[in-house]
Amino acid sequence: MNSNITYRVADGFHDPGFSPERWNELLSRSPVNTFFLTYEYQQTWWSVFGRGELLLIVVENEGGIIAIAPLFEDGGMIFFVGSGGSDYLDFIGFLNAEILRNILALAAESVNAFVGFRFYHIPEYSPSTGHLKQVAPELDMQFFDEGRLPAPFVDLSPEQAEAILKKKSLVRHENWFQKNGGIQIEHLYSPEEILPVIDAFFNQHLQRWEGTGFPSLFTDDQQKKFYIELVKGVANANPVTFTKITWNGQVIAMHYGFDYNDVFLWYKPSFDPGLAKHSPGEVLLRQLFLKAKEDGTKVFDFGLGDEAFKQRFCTSVNHVGTVGLYPA
């Protein structure tokens, strides 16, 4: 064990040993650099959904922080902060197997009646899964692969973006609205712009999914609070992009997404179900592709799930895996 490396449980998100800027700078150099791991997202998620005991484990050497394990414990199980509604999660920093083993040992020792670890949604390109499999027997634990989920995406080369924007279905549906009064596109970024329209977004999403057998997540007031607090919490970093499409004075589609690290994430769309036969959702999708192209975005990420419409547009598919470690 490297004697110059120390491990400790931080005093919450406001620990004096690190700042949001230091956290995000470390994240920017990590193998998995996603908005779901930013300080702002993690802190907001914990403030709204946190339960059990927070276990932010900080790994330091003489040069400062080299890794952060954003964990929490609930009922003896240890999870990533963000486990629930977050597409991609992982450890932050560059962790070899030895460092990860020591993090897990400290986490387990910090929990009364420890049961095990369950780590959701680790991207397949992360080295963490391989390290977890390696260190499990060293900790007298068993490693379990608990399943994978697809995450389709579009590699937005200029040629690919242009080809998507010319797809007949997208153009046809947008043309109908353009010929019958025209559409107005608004991309909103600041809390001052987004918060006045967010209730309309919640209501439209509720109407969209009413009676489908898949009720909107916004039936839960806690979810509404999270989406609102996230807009407030990332006001300075500005990765939240809210899009509103209006036709003849009527809001026909909206989208709450993230633009971070040259990746645009399709996160939570809604559209007016009364206009479903004219596919306002496809109008929304085309406008988001157009925005991504104009912004020079490298990847349009559809997030988790293999819905048919994603398969129509994606150029490739990543996967995320859930891993369990339990005492042998």
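The values are calculated or read from the model by the stated rules, or taken from the named source; none is laboratory data. None of the values given here were measured: they were computed from a predicted structure. For neighbour counting, all protein chains shown are included, and Cβ atoms are generated from backbone atoms with ideal geometry for every residue, glycine included. What goes into the accessible areas is simple: the full protein's heavy atoms, side chains included, and nothing from ligands, DNA or RNA. Shrake-Rupley method; radii C 1.70, N 1.55, O 1.52, S 1.80 Å.
Odds and ends about this structure:
- Taking the DSSP beta bridges with both ends in the chain, the antiparallel portion is around 90 percent.
- Within segment 101-251: Cβ-based charge dipole about Cα centre, in debye rounded to nearest 20 (Lys, Arg +1; Asp, Glu -1): 520 debye
- Counting only Cβ charges, +1 for Lys and Arg and -1 for Asp and Glu, the dipole size of segment 1-145 around its Cα centre is about 100 debye.
- Sparse packing (at most 11 other Cβ atoms within 10 Å of the Cβ) combined with a DSSP loop state is found for the following trypsin sites (Lys or Arg not before Pro) in segment 116-189: 166.
- Comparing 46, 247, 266 in a Gaussian network model of the chain (Cα springs below 10 Å), the most mobile by mean-square fluctuation is 247.
- Mean sequence separation of contacting Cα pairs (under 8 Å, at least six apart), scaled by the length of segment 10-119, corresponds to a relative contact order of 26 percent.
- Local electrostatic count, residue 122, Cβ distance below 15 Å [Lys/Arg +1, Asp/Glu -1]: -2
- Carbon plus sulfur fraction of accessible area for the chain, probe 1.4 Å, in percent: 49 percent
- The chain, relative contact order in percent, only Cα pairs under 8 angstrom and at least six apart counted: 23 percent
- Other residues whose C-beta falls under 15 angstrom from the C-beta of residue 254 contribute a net charge of +1, scoring Lys and Arg +1 and Asp and Glu -1.
- Potential lengthening of the chain between residue 172 and residue 115 amounts to 15.0 nm, from the contour at 0.36 nm per residue minus the alpha-carbon distance.
- Neighbourhood charge, 13 Å Cβ-Cβ cut-off, centred on residue 84 and excluding it, Lys, Arg +1 and Asp, Glu -1: -1
- Efficiency of FRET from Cβ geometry, residue 4 and residue 306, R₀ 51 Å, rounded to 0.05: 0.65
- For residue 98 and residue 159, the FRET efficiency from 1/(1 + (r/R0)^6), where r spans their Cβ atoms and R0 equals 56 Å, is about 0.80.
- Helix-only [θ]222 nm of the chain, DSSP H runs n ≥ 4, -39500 (n - 2.57) each, per residue, nearest 500: -10000 deg cm²/dmol
- What you get for segment 88-139, charging only the Cβ of Lys and Arg (+1) and of Asp and Glu (-1), is a dipole of about 100 debye around the Cα centre.
- Between the C-alpha center of segment 177-228 and that of segment 249-287 there is a gap of 9 Å.
- When exposed loop sites are taken as GluC sites (Glu not before Pro) in a DSSP loop with at most 12 other Cβ atoms within 10 Å, the longest stretch of the chain clear of them is 211-306.
- Dipole of the chain computed with +1 at Lys/Arg Cβ and -1 at Asp/Glu Cβ about the Cα centre; of 147, 217, 110, farthest Cα towards the positive end is 217.
- For residue 167, the lysines whose Cα comes closer than 26 Å to its Cα, not counting residues fewer than 8 places off in the same chain, are 179, 244, 268, 277, 291, 293, 298, 310.
- Per residue, the accessible area of segment 27-76 comes to 30 Å² when a 1.4 Å probe rolls over the protein heavy atoms.
- Spin-label model, residue 29 to residue 277: label points 7 Å out along the Cα-to-beta-carbon direction sit 5.9 nm apart.
- Residue 56 long-range amide H proximity, modeled H, under 5 Å: 10, 12, 71
- Rounded if a/c under 1.5, otherwise prolate or oblate - segment 11-104, Cα gyration tensor axes: rounded
- Relative contact order of segment 256-328, taken over Cα pairs closer than 8 Å and 6 or more residues apart, is 31 percent.
- You can think of it this way: the chain between residue 149 and residue 212 has 20.4 nm of extra reach, that is 0.36 nm per residue less the Cα-Cα gap.
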